[in-house]
1. By the scheme Lys and Arg +1, Asp and Glu -1, what is the net charge of all other residues having a beta-carbon under 13 Å from that of Gly114?
2. Among the listed pairs Lys89/Lys159; Lys60/Lys159; Lys89/Lys189; Lys125/Lys182; Lys89/Lys182; Lys61/Lys159, give every one whose C-alpha distance is greater than 30 Å.
3. Can you check what the net charge comes to around Leu180, using other residues whose Cβ is under 12 Å from the Cβ of Leu180 (Lys, Arg +1; Asp, Glu -1)?
4. Please give the net charge around Gly93, taking every other residue with its beta carbon less than 12 angstrom from that of Gly93, where Lys and Arg add +1 and Asp and Glu add -1.
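Only the coordinates and a few stated rules stand behind these numbers; no lab work does. Quantities reported herein were computed from a predicted structural model and do not represent experimental measurements. Note that each Cβ is placed from the backbone with ideal geometry, even for glycine, and that neighbours are counted across all protein chains shown.
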Amino acid sequence: MARHITSDSSMQKVYIHDGDDQGYKGHCMLAPFTAGWQMDEKPLVIAKSEGSYVYDTNGKKYLDSLAGLWCTALVSGEKPTVNIIFRGKNNVGTTAMIDDPLTEGTERGSKIVGRAQGMYAFPTKTDAALLMVINFSFLEGEYNGSTISILGRNPVLEKVREMPVVGGSGVFRFCHGYALAKTVRFNIKTGDAVVEYDVYVMHF
């Protein structure tokens, strides 16, 4: 699921801060206007990339990943993956729990590589937006047992929606980044949907 991300000398530098002797390093992405030299005497500078990996100037390897996943939300049928647990007046407060399959493609029978588990709610009556709390739990390959956590606002009528990645576990421990969601199919009668997620994360 990892795709190539180019890193070269023109790329914005990523700084991480030395921690304790256990090898822990905290990290943050610095905005262009941040004076990084005031924050760290030994900044990590990405020097090159090979496939899904980037290397610092000391030759240490880090995984820099981007995943393309499809999430199928089934509200209808005998085995729904979305269950409404509360219906609010005028939809405000309506909350649903989800356990949707994550697949490699949009076609029926596409390989399931994980589950999108969590909840969403309608926090507003002024526009069509959801509050999303989702864990992408991976069940296959090198990411098996790892998770990526997303928490954010999803304005569902927009063509592409951006939500923050706030953390993860396993391979994605200490990750941060963002997810872009795009609706591929939506059945207005049943509420069933297929949504494509492109997830960009940086982790160490």
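1. Computed value for this residue: -3.
2. Pairs exceeding 30 Å: Lys60/Lys159; Lys61/Lys159.
3. Neighbour charge sum, excluding Leu180 itself: -1.
4. +3
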